[in-house]
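Accompanying notes for the structure given below.
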Amino acid sequence: MGLTSVLLGRDEVREEIRLRLSGVPGMTVVGLPGYGKTQLIMHLVGELADCPYVQFAFLDGKGGPDYDDVAPRAFVHLGDDIKEALELVRYLYELMQQRQGALREHLGVKNLWHVGPSALWPLIVLVVDEAHTFFYTGKGTTREEAAAAHELVRLIEQLVKKGRNVGFFTVLLTQKGTGDAIPTQIRDVCTLKVAFAVATMEAADAGLGQAIRMYPDAHPMFLQDPKYIGVATIAREGAKGFTRVRIPTVDEDAVAERAHKYRFLASDPAGLFDVACRTLGSPGPVPLPVPDVDADDGADLVA
């Protein structure tokens, strides 16, 4: 079926760990600033940049330049403006509903992952960095901002709960995964959980669940050391317990070059869906423009 997983990193015995993409509703990523959250996203974008079956949308709550280098590979890249964020999420929610209504007719299945994503039915990866920025309704927010935040919570909850079978994968990043940062109705449905270094037991519990307390050797509170930058704790899929994974060190220039090289793959998924509707049930490869690049892929992504 092609795209089902992507390299995440290597564990403590240098075994390759892959991140499952198929049939996953969402992922939460928590951790202190500077310990690897953005590094993880840059690595994943670099790994998937050349895949025509993936479309990225970036919501950067920091509102800074962190995603500028990989923005060419995304069909949309927005900062911390909550009104713009809400407009995007409404758009994705409507697309999810349209896909739900057309899935069986177009693909002959009830779950996209039974056939896998394609160029016309790509996996849509929504990255929400500093997610708490968009969910905050406390002191200092206007009535309009609070209303927008409440609607964002509702719509993202729906994307996570209902988007899995039609190819939506939502990634939420924040420093602490507590309910005030990522509402529990969203957080608890995200089956993939990643924690870089955290400062408190509460943050570890929120990011990984209270079961992490029984695994002190993998506890993310003990990752607060520069030597653990880029090291995260994840739950073992299909087995009990947790493991530490080192995310590959990202060469930012190489990732930027790769995102630029494959920028021609970035496409509005609603437009792709429209093509799918017009071709009715023929979700195979579509003609893609030929990039003006050398045959060589260029620099390696990891140092």
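Close amide H pairs (under 5 Å, H built 1.01 Å from N) link Gly230 with Gly36, residues at least 5 positions away or on another chain.
The residues neighbouring Arg99, those whose beta-carbon lies less than 13 Å from its own, together hold a net charge of +1 under the Lys/Arg +1, Asp/Glu -1 convention.
Fewest-first ordering of Arg18, Arg143 by other beta carbons within 10 Å of each residue's beta carbon gives Arg143, Arg18. When the alpha carbon gyration tensor of the chain is reduced to an equivalent ellipsoid, its three semi-axes come out at 29, 24, 19 angstrom, largest first. Bridging of Lys240 to lysines at a Cα separation below 19 Å is possible for Lys193, once same-chain residues fewer than 8 apart are set aside.
Among Tyr53, Tyr228, Tyr35, determine the one that fluctuates most according to a GNM of the chain built with springs between C-alpha atoms less than 10 Å apart. Residue with maximal mean-square fluctuation among Tyr53, Tyr228, Tyr35: Tyr228. Add +1 for every Lys or Arg and -1 for every Asp or Glu among the other residues with Cβ under 14 Å from the Cβ of Val115, and state the total. Residues near Val115 contribute +2 overall. Ranked by how many other Cβ atoms sit within 10 Å of their own Cβ, fewest first, the residues Lys240, Lys62 fall in the order Lys240, Lys62. From least to most packed, judged by other beta carbons within 10 angstrom and beginning with the fewest, His114, His219 follow the order His114, His219. Neighbours of Arg164 by Cβ distance under 15 Å: Lys/Arg scored +1, Asp/Glu scored -1, total +3. Over all Cα atoms in segment 123-190, the spread is summed up by Rg and Dmax: 12.0, 38 Å. About its Cα centre, the dipole of the chain is roughly 1320 debye, where the only charges are +1 on Lys and Arg Cβ and -1 on Asp and Glu Cβ. Over all distinct Cα pairs, what is the inverse of the mean 1/r for segment 43-159, reported as the Kirkwood hydrodynamic radius in Å? Kirkwood radius, segment 43-159: 15.6 Å.
Close amide-amide hydrogen proximity is noted between Arg10 and Ile17, Arg246, each under 5 Å apart and 5 or more residues distant or on a separate chain (H modeled in the peptide plane; Pro and chain starts excluded).
Only the coordinates and a few stated rules stand behind these numbers; no lab work does. Because the structure is a prediction, the values reported are computed rather than measured. Glycine also receives a Cβ, built like all others from the backbone with ideal geometry; neighbour counts cover every protein chain displayed.
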